[in-house]
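The block underneath contains the structure these notes are about, expressed in structure tokens.
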Amino acid sequence: MTPRAFSVEVVEKLQNAGFEAFWAGGCVRDQILGIEPQDYDVATNATPDQIRATFGKNRTLAIGAAFGVITVLGPKSAGQVEVATFRKDGGYSDGRRPDSVEFTDAKEDALRRDFTINGMFFDPTTGDLIDYVNGKEDLGKRLIRAIGTPEDRIQEDKLRMLRAVRFAATYEFAIERETMHAIQGAATELTVVSGERIGTEMRRMLSHLNRATAVSLLRETKLIEKVIPNAATLFPNQTTWDELLSQLRRLVGDFEAALAVLMEPIFADSTFNSVSDGWKLSNHEIKTVRWTHQNWKKLANADQHPWSVIQPLLIQSQALSALAMAACQTETTSTGIQFCRERLAWEPERLNPLPLLDGGALIKLGITPGPKFSLILSDVRSAQLDGEISTTEQAIKRAQQSVG
């Protein structure tokens, strides 16, 4: 069963039990845009207890029951569906979650959501669109518009400011004027949002092909100064800023490559530490961004270095990120990048041949492990990669010469 088919089954089962039930939010938006939804959410007038009674406690999780959300578990191939009771939210004293919820009807539920394009319902059993917020009209106008008063929606959850930027960039929409003004006016309040939530949004933006648009909007909304310390130095003049955006547009790479490109003009340990700590980056992400920053120039000029210098870089897992960053720096592909791409197409045994000597072989030669041990192995390996030696006998002779 597909996720889509399972979500339809969930709606049908609730309706057959006498409840209202519709697809809600992003899956409705994406369907109208002709995009296959990544997941499906269902909204209903059934209470959490009634939802669990309908599907059985063994097939449901009540982790979000306090906010009216029950997770319904499907077959392995179908995943799970979040089913939320129509609700009206109380105040948001923590700027993220409602202090209280009141179960209500579909219209009230739509009015408490963030943007009009996310506030629609759809009945997959009849094909009917339920739109209390003119979301379909704004989809047609390609607008990101807050539902109701923009300031109220932002005060409820400050992360909505970043979400507006992400949606606008992803779908190539504009942010409606009053919504934009509200974001600009509240940009300094983004600091109350947890770093983990900010990091999640930034990953999504910088991983998307429209990352340059997202970064441009972050500057326009004044949010960039709150997500990246010293961000003002990213654009000391318009020429520098335009070049940075051009590099992001040319980039064909992952999140780590995009972050390395974005931070290159201001890269320093203290600045990057602030970002990595603030966004709660994983150790892998931190290592990859640092490695990319340190090595992309060497890969860009790889044909000007001995193979023994470049080969150890290309066999690293971070090499593709660094190569992507190197490739986006100019409109033309350097001979160094072409060189790296050709070498990466080699068979693994050719790209990274087994060493002619290892530590055990040196010990058998009577060489005592010590500071010089690794230097000898490194010298022999470099000679092997650069084609100066090709046999074990030649490697042994070179090692003995190094000792002598």
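Every number in this text was worked out from the coordinates using simple rules, so none of it is lab data. Since the model is a prediction, treat every value here as computed from it, not as a measurement. Neighbour counts are summed over all protein chains in view; Cβ atoms, including those assigned to glycine, are modelled from backbone coordinates with ideal geometry.
Kirkwood-based Rg over Rh for the range 114-178 (C-alpha set), two decimals?
On the way: Rg = 12.3 Å, Rh = 12.3 Å.
Radius of gyration over Kirkwood radius for the range 114-178 works out to 1.00.
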Check which residues have an amide H placed less than 5 Å from residue 144's amide H, if you skip close sequence neighbours. 174, 175, 176
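Based only on other Cβ atoms within 10 Å, what is the fewest-to-most ordering of 130, 315?
Working: 130 18, 315 13.
Fewest-to-most ranking of 130, 315: 315, 130.
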Round to a whole angstrom and tell me the spacing of the C-alpha centers of the range 1-69 and the range 334-404. 60
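Expressed as a whole percent, how much of the Cα-Cα distance distribution for the range 1-135 exceeds 20 Å? Before the final figure, lay out the partial values.
Working: 3808 of 9045 pairs.
Summing the P(r) of the range 1-135 above 20 Å gives 42 percent of all pairs.
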Give me the percent relative contact order of the range 353-403, please, defined on Cα pairs under 8 angstrom at least 6 residues apart. 45
Given backbone amide H placed at 1.01 Å from N, residues whose amide H is under 5 Å from that of residue 88, ignoring those fewer than 5 places away on the same chain, are 102, 103, 104
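With +1 on each Lys and Arg Cβ and -1 on each Asp and Glu Cβ, how big is the dipole of the range 251-352 about its Cα centre, in debye rounded to the nearest 20? Show your work: numbers first, answer last.
Numbers: 8 positive and 11 negative charges, 30 e Å.
For the range 251-352, the charge dipole is close to 140 debye.
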Span from the the range 301-324 Cα centroid across to the the range 106-125 one, whole angstrom: 50
Using bins 10 angstrom wide from zero, how does P(r) for the chain break down, in % of all Cα pairs? 4, 18, 22, 20, 15, 10, 7, 3, 0
With an 8 Å cut-off on Cα pairs and a minimum separation of 6 or more residues, tell me the relative contact order of the range 180-234 in percent. 47
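Residue 318: net charge of surrounding residues, Cβ under 12 Å, Lys/Arg +1, Asp/Glu -1, itself excluded? Walk me through the numbers on the way to the answer.
Details: positive: 287, 290; negative: 254, 256, 285.
Charge balance near residue 318 sits at -1.
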Quick one: among 343, 211, 29, which has the greatest mean-square fluctuation in a GNM of the chain with alpha-carbon springs under 10 angstrom? 343
Non-local residues with an amide H under 5 Å from the amide H of residue 74, with H modelled 1.01 Å from N and Pro and chain starts lacking one, are 79, 80, 81
Could you derive backbone 3J(HN,Hα) for the range 289-302 from the dihedral phi with the Karplus parameters 6.51, -1.76 and 1.60 (θ = phi - 60°), listing whole Hz in sequence and x where the residue is Gly or Pro? 5, 4, 4, 4, 4, 6, 10, 5, 5, 5, 5, 4, 10, 4
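How do 281, 218 rank when sorted from fewest to most other Cβ atoms within 10 Å of their own Cβ? Let's see the in-between values first.
Numbers: 281 22, 218 25.
Listing 281, 218 from fewest to most nearby Cβ atoms yields 281, 218.
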Among 119, 359, 370, the residue with the largest mean-square fluctuation in a Gaussian network model of the chain built from Cα contacts under 10 Å is 370
Counting all Cα-Cα pairs in the range 353-403, those more than 18 Å apart amount in percent to 16
Whole-Hz ³J(HN,Hα) from phi, Karplus 6.51 cos²θ - 1.76 cosθ + 1.60, for the range 345-353, glycine and proline x: 7, 5, 5, x, 5, 7, 5, 9, x
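Would you list 340, 328 from fewest to most Cβ contacts within 10 Å? All intermediate terms of the calculation are to be shown ahead of the outcome.
Values: 340 25, 328 20.
Neighbour counts put them in this order, fewest first: 328, 340.
Over the chain, what is the relative contact order in whole percent, taking alpha-carbon pairs under 8 Å and six or more residues apart? Present the calculation step by step, with values, prior to reporting the outcome.
Details: 610 pairs, mean separation 35.8, N = 404.
Once divided by the residue count of the chain, the mean separation gives 9 percent.
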Computed over the Cα atoms of the range 142-227, the Rg and Dmax in Å are 11.5, 31
FRET efficiency for residue 267 and residue 346 from the Cβ-Cβ distance with R0 = 45 Å, rounded to 0.05, comes out at 0.90
